[in-house]
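See structure below.
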(Lines give C-alpha, C1' and ligand atoms only; values in the text may rest on other atoms or scores of the structure.)
Protein backbone atom coordinates (compact mmCIF):
# COMPACT_ATOMS: atom_id res chain seq x y z
CA UNK A 1 0.00 0.00 0.00
CA UNK A 2 1.27 3.50 -0.82
CA UNK A 3 2.45 5.74 2.01
CA UNK A 4 0.42 8.76 3.02
CA UNK A 5 1.68 12.07 1.70
CA UNK A 6 1.13 13.97 4.97
CA UNK A 7 4.15 15.63 6.55
CA UNK A 8 5.17 15.62 10.21
CA UNK A 9 4.16 18.63 12.34
CA UNK A 10 6.72 21.42 12.36
CA UNK A 11 6.13 23.71 15.40
CA UNK A 12 9.25 23.98 17.55
CA UNK A 13 7.27 23.80 20.80
CA UNK A 14 4.00 21.87 21.00
CA UNK A 15 1.32 21.97 23.70
CA UNK A 16 0.39 18.90 25.74
CA UNK A 17 -2.37 18.52 28.35
CA UNK A 18 -1.88 16.94 31.77
CA UNK A 19 -4.27 16.46 34.69
CA UNK A 20 -3.51 17.84 38.15
CA UNK A 21 -2.15 14.56 39.57
CA UNK A 22 0.13 14.13 36.56
CA UNK A 23 1.37 17.73 36.84
CA UNK A 24 2.26 17.04 40.47
CA UNK A 25 4.09 13.88 39.41
CA UNK A 26 6.11 15.85 36.83
CA UNK A 27 6.97 18.48 39.46
CA UNK A 28 8.04 15.69 41.83
CA UNK A 29 10.21 14.10 39.13
CA UNK A 30 8.32 10.79 39.18
CA UNK A 31 6.66 11.14 35.77
CA UNK A 32 8.97 10.94 32.76
CA UNK A 33 6.70 9.19 30.22
CA UNK A 34 3.23 9.59 28.78
CA UNK A 35 1.19 7.26 26.58
CA UNK A 36 -1.24 8.66 24.03
CA UNK A 37 -3.38 6.95 21.38
CA UNK A 38 -2.00 6.55 17.87
CA UNK A 39 -4.39 7.54 15.09
CA UNK A 40 -3.31 5.60 12.01
CA UNK A 41 -4.09 7.23 8.64
CA UNK A 42 -5.23 5.23 5.62
CA UNK A 43 -5.66 1.95 7.44
CA UNK A 44 -6.04 -0.92 4.96
CA UNK A 45 -9.68 -1.82 4.44
CA UNK A 46 -10.81 -4.61 6.76
CA UNK A 47 -7.61 -4.53 8.81
CA UNK A 48 -8.09 -5.79 12.36
CA UNK A 49 -5.95 -3.55 14.56
CA UNK A 50 -6.05 -6.21 17.28
CA UNK A 51 -4.37 -8.75 14.95
CA UNK A 52 -1.32 -10.07 16.79
CA UNK A 53 0.66 -10.39 13.56
CA UNK A 54 0.81 -6.62 13.15
CA UNK A 55 4.00 -4.75 13.92
CA UNK A 56 4.79 -1.02 14.05
CA UNK A 57 7.99 0.39 12.64
CA UNK A 58 9.60 3.29 10.81
CA UNK A 59 8.50 3.72 7.20
CA UNK A 60 12.19 3.95 6.32
CA UNK A 61 14.23 1.60 8.48
CA UNK A 62 16.02 3.50 11.23
CA UNK A 63 14.73 6.91 10.10
CA UNK A 64 12.37 8.28 12.76
CA UNK A 65 11.45 11.35 10.71
CA UNK A 66 10.00 9.07 8.00
CA UNK A 67 7.00 8.29 10.21
CA UNK A 68 5.57 5.05 11.59
CA UNK A 69 3.51 2.44 9.75
CA UNK A 70 1.67 -0.75 10.63
CA UNK A 71 2.86 -3.81 8.72
CA UNK A 72 2.44 -7.57 8.63
CA UNK A 73 3.96 -10.48 6.71
CA UNK A 74 2.31 -11.94 3.65
CA UNK A 75 2.20 -15.62 2.71
CA UNK A 76 5.80 -15.40 1.48
CA UNK A 77 7.13 -13.91 4.71
CA UNK A 78 7.56 -10.42 3.25
CA UNK A 79 6.56 -7.36 5.26
CA UNK A 80 3.80 -5.22 3.74
CA UNK A 81 2.57 -1.81 4.95
CA UNK A 82 -1.03 -1.89 6.20
CA UNK A 83 -1.44 1.82 7.00
CA UNK A 84 -0.28 5.22 5.92
CA UNK A 85 2.46 6.97 7.84
CA UNK A 86 1.70 8.37 11.30
CA UNK A 87 3.82 11.11 12.84
CA UNK A 88 3.91 11.66 16.57
CA UNK A 89 1.95 14.85 17.38
CA UNK A 90 4.37 15.48 20.26
CA UNK A 91 7.43 15.60 18.08
CA UNK A 92 10.73 13.73 18.12
CA UNK A 93 13.68 13.57 20.53
CA UNK A 94 15.02 17.07 21.10
CA UNK A 95 11.68 18.79 20.51
CA UNK A 96 10.02 20.81 23.27
CA UNK A 97 6.56 20.61 24.85
CA UNK A 98 4.75 23.17 26.98
CA UNK A 99 2.28 21.83 29.53
CA UNK A 100 -1.32 22.98 29.59
CA UNK A 101 -2.95 22.64 33.02
CA UNK A 102 -5.98 23.99 34.87
CA UNK A 103 -5.19 27.48 36.14
CA UNK A 104 -6.58 30.82 37.27
CA UNK A 105 -5.53 34.38 38.05
CA UNK A 106 -5.29 36.19 41.36
CA UNK A 107 -5.85 39.96 41.21
CA UNK A 108 -4.93 42.65 43.67
CA UNK A 109 -1.70 44.58 43.74
CA UNK A 110 -0.81 42.95 40.44
CA UNK A 111 -1.89 39.77 38.71
CA UNK A 112 -0.51 36.31 39.36
CA UNK A 113 -1.26 33.00 37.61
CA UNK A 114 -2.09 30.13 39.99
CA UNK A 115 -2.41 26.43 39.23
CA UNK A 116 -5.10 23.99 40.37
CA UNK A 117 -2.53 21.23 40.83
CA UNK A 118 -0.96 23.25 43.67
CA UNK A 119 -4.11 23.03 45.77
CA UNK A 120 -7.46 24.72 46.26
CA UNK A 121 -7.84 27.42 47.46
CA UNK A 122 -4.69 29.01 46.04
CA UNK A 123 -2.62 31.64 47.85
CA UNK A 124 -3.21 35.28 47.05
CA UNK A 125 -0.59 37.98 46.51
CA UNK A 126 -0.56 38.61 50.26
CA UNK A 127 0.35 34.97 50.97
CA UNK A 128 -3.09 34.15 52.36
CA UNK A 129 -5.72 31.78 50.92
CA UNK A 130 -7.93 33.40 48.32
CA UNK A 131 -11.44 33.84 49.71
CA UNK A 132 -14.62 32.81 47.92
CA UNK A 133 -14.81 30.44 44.99
CA UNK A 134 -11.88 30.45 42.59
CA UNK A 135 -12.86 30.50 38.92
CA UNK A 136 -10.58 27.96 37.26
CA UNK A 137 -9.76 27.99 33.55
CA UNK A 138 -9.66 24.53 31.90
CA UNK A 139 -6.24 23.43 30.72
CA UNK A 140 -7.23 23.47 27.03
CA UNK A 141 -7.53 27.28 27.23
CA UNK A 142 -4.10 27.91 28.75
CA UNK A 143 -1.95 30.39 26.85
CA UNK A 144 1.77 29.74 26.34
CA UNK A 145 2.69 32.78 28.42
CA UNK A 146 0.93 31.27 31.46
CA UNK A 147 2.77 27.95 31.21
CA UNK A 148 5.16 27.02 34.03
CA UNK A 149 6.29 23.60 32.80
CA UNK A 150 8.36 22.93 29.71
CA UNK A 151 9.56 19.50 28.69
CA UNK A 152 12.11 18.11 26.25
CA UNK A 153 11.21 14.94 24.37
CA UNK A 154 13.87 12.29 24.99
CA UNK A 155 12.35 9.25 23.28
CA UNK A 156 9.40 8.30 21.07
CA UNK A 157 8.23 4.82 20.15
CA UNK A 158 5.04 2.94 19.28
CA UNK A 159 3.82 -0.12 21.15
CA UNK A 160 0.69 -1.91 22.33
CA UNK A 161 -0.77 -0.44 25.50
CA UNK A 162 -0.55 -3.71 27.43
CA UNK A 163 3.17 -4.02 26.63
CA UNK A 164 3.88 -1.51 29.39
CA UNK A 165 6.28 -2.90 31.99
CA UNK A 166 6.34 -2.27 35.74
CA UNK A 167 9.23 0.12 35.17
CA UNK A 168 7.29 1.91 32.43
CA UNK A 169 4.26 2.26 34.69
CA UNK A 170 6.44 3.81 37.39
CA UNK A 171 7.74 6.29 34.80
CA UNK A 172 4.09 7.24 34.17
CA UNK A 173 4.03 8.66 37.69
CA UNK A 174 1.23 6.50 39.08
CA UNK A 175 0.82 5.66 42.77
CA UNK A 176 1.63 2.11 43.83
CA UNK A 177 1.84 0.80 47.36
CA UNK A 178 4.06 -2.00 46.05
CA UNK A 179 7.12 0.24 45.76
CA UNK A 180 6.53 3.43 47.73
CA UNK A 181 6.85 1.97 51.21
CA UNK A 182 3.12 2.13 51.78
CA UNK A 183 2.72 -1.58 52.38
CA UNK A 184 0.83 -4.12 50.23
CA UNK A 185 -0.93 -2.63 47.27
CA UNK A 186 -1.44 -2.84 43.53
CA UNK A 187 1.53 -2.94 41.22
CA UNK A 188 2.40 0.21 39.30
CA UNK A 189 1.14 -1.53 36.17
CA UNK A 190 -2.25 -2.20 37.81
CA UNK A 191 -2.39 1.42 38.95
CA UNK A 192 -1.64 2.61 35.43
CA UNK A 193 -4.41 0.39 34.03
CA UNK A 194 -6.85 2.10 36.41
CA UNK A 195 -5.56 5.52 35.35
CA UNK A 196 -5.89 4.65 31.66
CA UNK A 197 -9.46 3.41 32.14
CA UNK A 198 -10.44 6.59 33.98
CA UNK A 199 -9.23 8.73 31.05
CA UNK A 200 -9.67 6.56 27.94
CA UNK A 201 -12.03 3.78 29.02
CA UNK A 202 -14.88 4.83 26.73
CA UNK A 203 -12.95 5.35 23.49
CA UNK A 204 -10.05 2.91 23.91
CA UNK A 205 -10.41 0.60 26.93
CA UNK A 206 -7.43 -1.27 28.33
CA UNK A 207 -8.89 -4.59 27.12
CA UNK A 208 -8.77 -3.41 23.48
CA UNK A 209 -4.95 -3.11 23.77
CA UNK A 210 -4.65 -0.14 21.38
CA UNK A 211 -1.48 1.16 19.78
CA UNK A 212 0.02 4.08 21.72
CA UNK A 213 2.77 6.64 21.41
CA UNK A 214 5.24 6.26 24.27
CA UNK A 215 6.77 9.69 24.76
CA UNK A 216 9.69 10.02 27.15
CA UNK A 217 10.59 13.48 28.42
CA UNK A 218 12.57 15.48 30.93
CA UNK A 219 11.72 18.77 32.56
CA UNK A 220 13.66 21.82 31.38
CA UNK A 221 13.85 25.31 32.85
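The values are calculated or read from the model by the stated rules, or taken from the named source; none is laboratory data. Quick caveat: nothing in here was measured; it's all calculated off a predicted structure. As a convention, Cβ positions derive from the backbone with ideal geometry for all residues, glycine included, and neighbour counts pool all protein chains shown.
Given the residues 43, 113, which is the only one that is surrounded by 14 or more Cβ atoms within 10 Å (Cβ to Cβ) and assigned by TED's automatic domain parsing to the domain that holds residue 153? First the steps, then the outcome.
On the way: 113 fails: assigned by TED's automatic domain parsing to the domain that holds residue 153.
Result of the check over 43, 113: 43.
Give me the pairs: first residue in the stretch 198-212 and assigned by TED's automatic domain parsing to the domain that holds residue 51 and touching a residue at least 40 places away in the same chain (Cβ under 8 Å), second residue surrounded by 15 or more Cβ atoms within 10 Å (Cβ to Cβ) and assigned to a helix (DSSP H, G or I), beta-carbon distance under 6 Å, and six or more apart or on different chains, which are they?
Once the first residue is assigned by TED's automatic domain parsing to the domain that holds residue 51 and touching a residue at least 40 places away in the same chain (Cβ under 8 Å) and sits in the stretch 198-212, its partners that are surrounded by 15 or more Cβ atoms within 10 Å (Cβ to Cβ) and assigned to a helix (DSSP H, G or I) give 206/193; 206/196; 209/161; 210/161; 212/161.
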